[in-house]
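The values are calculated or read from the model by the stated rules, or taken from the named source; none is laboratory data. Remember, it's a predicted structure, so these values are computed and weren't measured experimentally. Because the Cβ atoms are built from the backbone with ideal geometry, glycine has one as well, and the counts that use them run over all protein chains shown. Only protein heavy atoms, including side chains, enter the accessible area calculation; ligands, DNA and RNA are left aside. Shrake-Rupley method; radii C 1.70, N 1.55, O 1.52, S 1.80 Å.
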Amino acid sequence: MGAMVFGVVWAITGKECLPGRNLFGLVILFLCSVCGGKLVGLVQFPRLPPLPPLLGMLLAGLVLRNVPYVTDAVYIEQTWSSALRNVALAIILTRAGLGLNPAALRRLKGVCVRLAVGPCTIEASTIAVISHFLLGLPWIWGFILGFVLAAVSPAVVVPSMLLLQKDGYGVQKGIPTLLMAAGSFDDILAITGFSTCLGMAFGTGSTWFNLLKGLLEVVGGMVAGVLMGLFIHFFPSDDQAELVQRRSYLLLTLALFSVFGSHAVGFAGAGGLCTLVLAFIAGLSWGSAKVPVAAIVGVAWDIFQPLLFGLIGAEIVISTLNPSTVGLGVAALLVGLVVRVCVTYLVVLFAGFTLKEKIFISLAWMPKATVQAAIGSTALDLARSKGDAVLEGYGLQVLTVAVLAILITAPIGAVAIGLAGPRLLQRYTSMPEEQPEKPEAAAAPDGKDNATYESKL
């Protein structure tokens, strides 16, 4: 079967599927990233949760890019790499939006805003100052690096919180939902700040114009997300056949259109926020029927996750790295992490959490992976398109530190959440408001009313 697939593709595309061409490189990178993720997931230590598979995916791309002769065969065009990373970003934000619990979000809206805004902005500012003096980056490039590193990772936090929520840890106080919601808004803030600074670094307009553009991206993204969410609430209607498949199709295509369309019109920061709001409103209107849709979105993420982390790992060429950049970049990252943990603890001081819960929230706010992989190389790509060697050097520094952040914080954060959750959070087993919706409620037997059937459950 594999040979026949290759034969058909070769007959259609010709040389594109041979070594050294784009299609061959994408297939090999995908397969190696999947294998790398499986291998890392098999590594287990006593009393520790398994390492996140994304670490193996990143390392697979790194190896393919730095092994002699192999790197010549595994070639991937920059435009394809950038497009696939944006697809993965749209999917993970869609998944995060569907996973939000509106009841807990209403109760925790104050602390959610503080948790999303405070640590992100302060860590970004701290890293900007440190990178300016340690790495020699200009101020605007320091803030670009700061916002790249300030984003928390949905790829690590969301699955970890869903597992804790499934087991009932912290659900009474809505801690899993709080972290998923705040994490999504944290990412949007970081992406918006990054896009604004990127426009200022490469743009020709005034500083105030670029700042105003960033605010317009936030407002425009929210408005567009609300409109698309209302549309997907009514279409397709509930009486249509294959409702789950149609809803999933519309949700994913609208998310992709939001991300790529925002880039096409020059408002790149609006796409992520639009996707998150769209998915949240869709899940809110569907109620328990969103569960099978979320499962399909999860399958899409399983496909694009290896491509995302494999592609970002393939951007790093070890032989061209400056040792001082690596050392000083790690130092800036560690200082930013310490500041982030301290600020996170402070913003949840008066939110009604116990001491153990505050410590857990602070630890869970460390991992970085998805956003760093999605936007870490954007500045480098723009610098390459400009043909400016100086800007290209700055972009390579940003990408290098972003990869270091993934390698260091993703495994540490995943292990910290896995170990601290059962020890620091209280477990509840009878909180229907906070527990995930039961899939059975979406399909009551014998044609009974769904609401009545769910209440009986």
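In table form, for the structure just shown:
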quantity	calculated
Inter-label distance, nm, simple model (7 Å from Cα along the C-beta direction), residue 349/residue 43	3.9 nm
Burial order of peptide ranges 409-418, 179-188, 335-344 (average beta-carbon count within 10 Å, highest first)	179-188, 409-418, 335-344
Förster-model FRET efficiency, 56 Å R0, residue 264 and residue 412, C-beta, rounded to 0.05	0.90
For the chain, accessible area per residue (1.4 Å probe, heavy atoms of protein chains only), Å²	44 Å²
The chain - mean residue ellipticity at 222 nm from DSSP helices (-39,500 (n - 2.57) per run, n ≥ 4, rounded to 500)	-25500 deg cm²/dmol
Residue 16 accessible area, 1.4 Å probe, all protein chains in place, Å² to nearest 10	70 Å²
Accessible carbon and sulfur surface of the stretch 1-101 relative to its total accessible area, %, 1.4 Å	73 percent
Subset of 38/386; 38/356; 166/356 violating a 30 Å alpha-carbon distance limit	38/386; 38/356
Square roots of five times the Cα gyration tensor eigenvalues for the stretch 144-262, Å	30, 24, 11
Virtual spin-label span in nm between residue 73 and residue 13, 7 Å along Cα→Cβ	1.6 nm
Along each principal axis, Cα extent of the stretch 317-372, largest first, Å	50, 20, 15
Residue-level accessible surface for residue 233, protein heavy atoms, 1.4 Å, Å²	70 Å²
Rotationally averaged projected area of the stretch 50-194 (alpha carbon convex hull; nm²)	11.1 nm²
In Hz, Karplus ³J(HN,Hα) per residue of the stretch 373-389 (6.51, -1.76, 1.60; θ = phi - 60°; x = Gly, Pro)	6, 6, 10, x, 9, 4, 5, 5, 4, 5, 5, 5, 5, 7, x, 9, 5
With eigenvalues of the C-alpha gyration tensor scaled by 5 and rooted, the stretch 280-380, Å	31, 27, 10
Gained length - residue 22 relative to residue 253, 0.36 nm times residue gap less alpha-carbon distance	80.7 nm
Exposure rank, largest accessible area first [290, 368, 109, 173; 1.4 Å]	109, 173, 290, 368
Amide proton proximity set for residue 169, modelled H, under 5 Å, gap of 5+	428
Which of 247, 423 is most accessible, then next, and so on - probe 1.4 Å	423, 247
Sum of side-chain charges, residue 392 neighbourhood, beta-carbon under 14 Å (Lys, Arg +1; Asp, Glu -1)	-1
4 °C / 1.567 mPa s Stokes-Einstein diffusion coefficient of the chain, Kirkwood radius on C-alpha pairs, µm²/s	57 µm²/s
